[in-house]
Amino acid sequence: MKTVSVNKLKFKKNLPMIEQYVIKNFLFQWIGRPTEGLDEILPLDYTEDVFAKMEAKQETSFLINEDEHFRYATITEDEQFVIGVLNWNKELKHKIISLDEVC
């Protein structure tokens, strides 16, 4: 995963249903295709606050790299998969996930 500055990203204002499904499928594969399904481990809601994204529900705490909390995933105007995470210091970081990291 590559951490990027938010000003280098062009976020979409809305995501059609097909892109919402693509994000969920991408995350399902990225976290290892859990038998419980994505909705049990990482329930997501579609929101358009500031930009369009699939956001983790407030009661969800999904850790990445043992010290970052998953907040949301989106697809940028450049068709990049980006996740937003809160680090241990509660700073929001954006990370690009490549297809190589999923396979």
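Here, each number is a calculation from the coordinates, and none is a lab measurement. Quantities reported herein were computed from a predicted structural model and do not represent experimental measurements. Neighbour counts are summed over all protein chains in view; Cβ atoms, including those assigned to glycine, are modelled from backbone coordinates with ideal geometry.
Summary table
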| quantity | calculated |
| --- | --- |
| For the chain, built as a Gaussian network whose Cα springs stay under 10 Å, the top-fluctuating residue of Gln29, Gln80, Gln58 | Gln58 |
| Exposed GluC sites (Glu not before Pro) absent: longest stretch of the chain, with sites in DSSP loops and at most 14 other Cβ within 10 Å deemed exposed | 1-35 |
| Average Cα contact separation per residue, segment 18-90, under 8 Å, 6 or more apart, as relative contact order % | 22 |
| Helix-only [θ]222 nm of the chain, DSSP H runs n ≥ 4, -39500 (n - 2.57) each, per residue, nearest 500 | -5000 deg cm²/dmol |
| The chain shape via C-alpha gyration tensor axes, a/c threshold 1.5 | rounded |
| Ile64 versus Ile31: modelled label distance in nm, points set 7 Å from Cα along the beta carbon direction | 1.2 |
| Pairwise FRET efficiency - Lys90 versus Glu48, Cβ, R0 = 22 Å, nearest 0.05 | 0.40 |
| Chymotrypsin sites (Phe, Trp or Tyr not before Pro) within the chain: DSSP coil, no more than 14 neighbouring Cβ in 10 Å | Trp88 |
